[in-house]
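Encoded as C-alpha cells, the structure appears first; notes follow it.
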Amino acid sequence: MKLPAKSLVAVVDGETFLLFRNEGQPFEPKLRKEDKPSLDVTNFSAGVKHQDDVGQRHGRTDLNELGHAAAAAEWLNEKAISNELGEVLIIADPKSLGEMRQHYHSELEKRLIGEIDKTLTGQPVEQIEKAIVAAE
C-alpha cells in the first residue's frame, strides 16, 4: 500500500489507540510514534446490535471494547472536522474496524486513504510497517 509521507496511521483495538506519522517514503514507510490521544469512552450505545444472547454467552460482545472503537472514531472525526487531520490510514482488528466504520463522519472519510483489518496493537513498529507495505 502506498502511504503518503506525513500521513497519520491510527492503530486501534478494543483497548488501545496508537498514532504514528509516516516519516518515510510512500512505498517505504518509517513510522514515528505520536502522542497517545486521550479518549472519552462514553458511547456505550456502540455495539447495541451485537448484544444477542449467543454472542454474550460466547464472549463475543464486549461493550467496553466497542465503546473504545467508537471513541477512537469520534476522536478522528473531531480532528477531521476541525481540519487538524490530514490523510489517515486506519489499522484495526475486524470487530473494532466494523464498529469504527459506523461512526465515520464524511470529513474523516475524505481523508481516509485506507484500512487494514488486522490486530497490530502490541506489535513492533517494524511489523506495522511490513503490514502496510504488504496491504493492497
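Scanning region 28-42 for residues that are modelled with pLDDT under 95 and not β-branched (Val, Ile, Thr) yields 35, 36, 37, 38, 39, 40. Among the polar types (S, T, N, Q) and surrounded by 15 or more Cβ atoms within 10 Å (Cβ to Cβ), is that true of residue 77? Yes. The residues in region 86-116 that are closer than 18 Å to residue 6 by Cβ and either out of contact with any strand residue (DSSP E or B) (no Cβ under 9 Å at 6 or more places or on another chain) or modelled with pLDDT under 95 (or both) can be counted, and the count is 1.
Taken together, the criteria place residue 5 among residues that are at pLDDT 90 or above and outside any helix (DSSP H, G or I).
The residue that is surrounded by the most Cβ atoms within 10 Å (Cβ to Cβ), counting only those in region 43-69 that are modelled with pLDDT under 90 and of a type in the set (Gly, Ala, Ser), is 46.
When we screen 98, 114 for residues that are surrounded by 15 or more Cβ atoms within 10 Å (Cβ to Cβ), in a strand (DSSP E or B), out of contact with any Ser or Thr (no Cβ under 9 Å at 6 or more places or on another chain) and of a type in the set (Gly, Ala, Ser), the only hit is 114. Restrict the check to region 82-92 and report whether at least one residue is in contact (Cβ under 8 Å) with a residue 24 or more places away in the chain, of a type in the set (Asp, Glu) and under 22 Å from residue 67 (Cβ atoms). For region 82-92, residues in contact (Cβ under 8 Å) with a residue 24 or more places away in the chain, of a type in the set (Asp, Glu) and under 22 Å from residue 67 (Cβ atoms): absent.
Confirm whether residue 83 is over 13 Å from the mean Cα position of the chain (by Cα), more than 19 Å from residue 31 (Cβ to Cβ) and in a loop (DSSP other than H, G, I, E, B). In short, yes.
The values are calculated or read from the model by the stated rules, or taken from the named source; none is laboratory data. All values derive from a computational prediction rather than experimental measurement. Backbone-built Cβ (ideal geometry, glycine too); neighbour counts: all protein chains shown.
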